[in-house]
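Chemist: Here's a structure for you.
The values are calculated or read from the model by the stated rules, or taken from the named source; none is laboratory data. Model, not experiment: these values are computed from the prediction. A quick note on method: Cβ atoms are made from the backbone with ideal geometry, for glycine too, and the neighbour counts reach across all protein chains shown.
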Amino acid sequence: MLTIVALPAIWLFTRGEASRGTVAPSLGAAGLATPEAPGGSVADTASDPFGTNGPIFIDGPTTPPKPAVIQIVVPRQDGTNFKDGAATYKRAVGAAPDSCSAPNAAFGATLTVTNRDNGRVVTCVNRKPVALAAGLEIVLSADQFEKIGRLVDAPIPVRVSWTAAG
């Protein structure tokens, strides 16, 4: 109860002393030791530890810069040697283990299949180009498909690119 009355009274009687050049005993009145300055005298608690007593205003533009168009140069792509679409799998595609089926690529072409979600790549040879369902671009064997994605995620988005048949 005494603290509730004493602290406001101390604050009321000492609030004007800092403006008259004396140090307000803010910590000493609460029962704590008053901090000492490096020279051994009582530290001035009214001074700013960063060396400034007034507000600091940061200079700079008052309004943000106007939006500008940023040019990004993207090389032109030849759409004749790649196709974007989806890939699925079968247990086996053709007799050879590296066989795949892509009807939009030339028969016998070496295909590079890139998973567009994770960047993983697998190569195969288009040895069995048969018609596929809408949206599908390639059918890989299950072993090939697992190199670029999980079987449970089929069909996955891919880019199929190829070189000429050799």
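Chemist: Select from the range 104-133 the residues that are under 12 Å from Trp162 (Cβ atoms) and assigned to a loop (DSSP other than H, G, I, E, B) and write down the one among them that is modelled with the lowest pLDDT.
Modeler: Pro129
Chemist: OK, next. Is it true that Pro67 is modelled with pLDDT of 80 or more, closer than 14 Å to Val160 by Cβ and out of contact with any strand residue (DSSP E or B) (no Cβ under 8 Å at 6 or more places or on another chain)? If you could, list the steps in order and put the result at the bottom.
Modeler: Numbers: modelled with pLDDT of 80 or more: yes; closer than 14 Å to Val160 by Cβ: no; out of contact with any strand residue (DSSP E or B) (no Cβ under 8 Å at 6 or more places or on another chain): yes.
Considered against the rule, which asks whether it is modelled with pLDDT of 80 or more, closer than 14 Å to Val160 by Cβ and out of contact with any strand residue (DSSP E or B) (no Cβ under 8 Å at 6 or more places or on another chain), Pro67 comes out as no.
Chemist: Name the residues in the range 136-159 that are farther than 13 Å from Thr112 by Cβ, of a type in the set (A, V, I, L, M, F, W, C), in contact (Cβ under 8 Å) with a residue 40 or more places away in the chain and outside any strand (DSSP E or B), would you?
Modeler: Quick first cut of the range 136-159, residues farther than 13 Å from Thr112 by Cβ only: 136, 139, 141-143, 145-146, 149-157.
Those left that are additionally of a type in the set (A, V, I, L, M, F, W, C): 136, 139, 142, 145, 151-152, 154, 156.
If we keep only those that are in contact (Cβ under 8 Å) with a residue 40 or more places away in the chain too, we end up with 136, 139, 142, 145, 151, 154, 156.
Residues satisfying the conditions are Ala142, Phe145, Leu151, Ala154.
Chemist: Considering only residues that are of a type in the set (Gly, Ala, Ser), within 38 Å of the chain's Cα centre (by Cα) and more than 15 Å from Ile148 (Cβ to Cβ), which ones fall in the range 77-116?
Modeler: Kept after step one, since they are of a type in the set (Gly, Ala, Ser), are these residues of the range 77-116: 79, 85-87, 92, 94-96, 99, 101-102, 105-106, 108-109.
Narrowing further to those that are within 38 Å of the chain's Cα centre (by Cα): 79, 85-87, 101-102, 105.
Those that are of a type in the set (Gly, Ala, Ser), within 38 Å of the chain's Cα centre (by Cα) and more than 15 Å from Ile148 (Cβ to Cβ): Gly79, Ser101, Ala105.
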